[in-house]
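*Asks:* Got a structure for you, questions after.
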Amino acid sequence: MEFRIIKSPSPGALEIIIKRSNTKIEKASVCTDAIGLVQGRMIDMVVAADIAYKIVDVTVCDVKGSCPQNMILLAILGDTASVEAAISRIQESMRIAKC
């Protein structure tokens, strides 16, 4: 799995997430101080979304791609501390699962 965090995302980056997401996101109603990006296999993305929702108050959406390799990407939107906490917990859970 790959992880990235965008702190203070630009309007353009946020627009890409909104346009490529199946989730109806209202810019004004969702805190977007940060965007956490998680890429991996479908099974891992479902588990990652579940972890993020359970650990902190964030919005999680599936970002659709058109890549032939069928890459799966989640965007985790929220305040910076919540996004960082969600990403850290996902990484920790995935390390434990591999042991």
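Read the figures in this text as sums done on the coordinates, not as results from a lab. As the structure is a computational prediction, the values presented were derived from the model and not from experiment. Cβ atoms come from the backbone with ideal geometry, glycine included; neighbour counts cover every protein chain shown.
*Asks:* Cross-link candidates for K98: which aspartates and glutamates have Cα within less than 13 Å, leaving aside residues fewer than 8 places away along the same chain?
*Replies:* The reachable aspartates and glutamates, counting only those whose Cα sits under 13 Å from K98, are D44.
*Asks:* Can you give me the relative contact order of the chain as a percent, contacts being Cα pairs under 8 Å and 6 or more apart? Numbers along the way, then the final one.
*Replies:* Numbers: 161 pairs, mean separation 31.6, N = 99.
Computed value for the chain: 32 percent relative contact order.
*Asks:* Please compute the alpha carbon radius of gyration of the chain, then divide it by the globular-protein estimate 2.2 N^0.38 Å. Two decimals is fine.
*Replies:* 1.01
*Asks:* Same structure again: Given the -39500 (n - 2.57) contribution per DSSP H run of 4+ residues, what per-residue ellipticity at 222 nm results for the chain, rounded to the nearest 500 deg cm²/dmol?
*Replies:* On the way: 3 runs with 42 residues, N = 99.
So the helix-based figure for the chain works out to -13500 deg cm²/dmol.
*Asks:* So if a site counts as exposed when it's one of the trypsin sites (Lys or Arg not before Pro), its DSSP state isn't H, G, I, E or B, and it has at most 13 other Cβ atoms within 10 Å, what's the longest stretch of the chain without one?
*Replies:* The reported range is 65-99.
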